[in-house]
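Scroll down for the structure; my scribbles are underneath it.
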Amino acid sequence: MTGARTDFLAAAAAAEELLRRPEVARAWRRPSALAQWSVGGLAGHLAYQVLCVPEVLAAPVPAEPVVGLLDHYARSAWVGAALDAEVNVRIRQGSEAFAADGPAVLHRRLAAVLPELADTLAAADATRPARLPFWGPWALTLDDLLATRTMELAVHGDDLAVSVAVDGPELPAETAESVIGLLARLAVRRHGRAAVLRALSRAERAPGSIAAF
């Protein structure tokens, strides 16, 4: 399999490991480390990054034009949107609804798809156009879509671990490096090469932030 698929499966396994932690279930209705997110809603959002992939693969191949990763993020309405913007409210509400049956059901749903997912992805065309239902009129290649889900799993896995005061599962080095590489490219797109270079090499000239989003 391609690196994008291996990275995604590793991040998906880490999410399953985190969601089975009793600390997550105990904190389900409490606020998370993210403003206006409950722990349960954040867990639902994390699980969705995996559970959406079989649905994407089962859907007809989209007819929309295929764009690159950076173009995808440049077009995405949630990037840079305020916390109470319609798109972010919709994401939070959808995640809460996705987790409404509770931690045990959500974990079982996630754990049930993982054994088959490796075989499904191994048989899929890496260049197949793919998209999520709420995206705009564009698609990504399957491998690029998986890269976006891997980044979501890594970032929100850390959010969830922090929210319940546990150490998150360690991602393989290659997977972590892929996520960091994507975030670095997005940071350069947002702040420029000089700002990112200085933040990584010259503390005395570093800008206040080089956050990708």
>> Considering only C-alpha atoms, what is the centroid distance from segment 1-64 to segment 66-85, in Å?
In response: 19
> When the chain is modelled as a GNM with alpha-carbon springs shorter than 10 Å, which of T175, T148, T127 fluctuates the most?
Replying inline: T127
> What is the gain in length, in nm to one decimal, between A59 and E116 on full extension, counting 0.36 nm per residue of separation less the C-alpha to C-alpha distance?
Replying inline: 18.8 nm
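Sort the following peptides by mean Cβ neighbour count (other Cβ atoms within 10 Å, averaged over residues), highest first: 153-164, 5-16. Walk me through the intermediate numbers first.
Values: 153-164: 20.7, 5-16: 22.9.
Going by the mean number of other Cβ atoms within 10 Å, highest first, we get 5-16, 153-164.
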> Which whole-number value in Å² is the accessible area per residue of the chain, probe 1.4 Å?
Replying inline: 50
>> As an exercise, use a Förster radius of 30 Å and the Cβ-Cβ distance of W78 and A123 to find the FRET efficiency, rounded to the nearest 0.05.
In response: 0.45
> Ignoring any ligand, DNA or RNA, what whole percent of the accessible area of segment 163-208 comes from carbon and sulfur when the probe is 1.4 angstrom?
Replying inline: 51
> Taking the chain as a Gaussian network, Cα atoms linked when under 10 Å apart, which of E64, E17, E116 shows the biggest mean-square fluctuation?
Replying inline: E116
> Which of these, R193, R30, R202, has the largest mean-square fluctuation under a Gaussian network model of the chain (Cα springs below 10 Å)?
Replying inline: R202
>> Using each residue's phi in segment 23-38, evaluate 6.51 cos²θ - 1.76 cosθ + 1.60 at θ = phi - 60° and report the 3J(HN,Hα) Karplus result to the nearest Hz, with x for Gly and Pro.
In response: 4, 5, 4, 5, 9, 3, 9, 7, x, 8, 6, 9, 4, 6, 10, 7
>> Output wanted: per-residue J couplings in Hz (rounded whole) for segment 48-56, from phi through Karplus 6.51 cos²θ - 1.76 cosθ + 1.60, θ = phi - 60°, x for Gly and Pro.
In response: 4, 4, 8, 5, 6, 5, x, 5, 4
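Per the 1.4 Å probe, what fraction of the accessible area of segment 1-109, in percent, lies on carbon and sulfur atoms? Each step should come with its number before you reach the end.
Values: 2960 of 5350 Å².
Answer for segment 1-109 is 55 percent, counting heavy atoms of protein chains only.
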> Under 5 Å between amide H atoms, partner at least 5 residues away or on a different chain: which partners does V66 have, H built in plane at 1.01 Å?
Replying inline: A139
>> From Cα pairs below 8 angstrom and at least 6 apart in sequence, can you work out the relative contact order of segment 91-213, rounded to a whole percent?
In response: 12
>> From the phi angles alone, apply the Karplus equation (6.51, -1.76, 1.60; θ = phi - 60°) to segment 192-199 and give each ³J(HN,Hα) in whole Hz, x where the residue is Gly or Pro.
In response: x, 4, 4, 4, 5, 4, 5, 4
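The values are calculated or read from the model by the stated rules, or taken from the named source; none is laboratory data. Treat the numbers as computed from the prediction; the structure is a model and nothing was measured. FYI the Cβ positions are ideal-geometry reconstructions off the backbone, even for glycines, and counts take in every protein chain you see. Please note that ligands, DNA and RNA were not included when accessible areas were found on the heavy atoms of the full protein model with its side chains. Shrake-Rupley method; radii C 1.70, N 1.55, O 1.52, S 1.80 Å.
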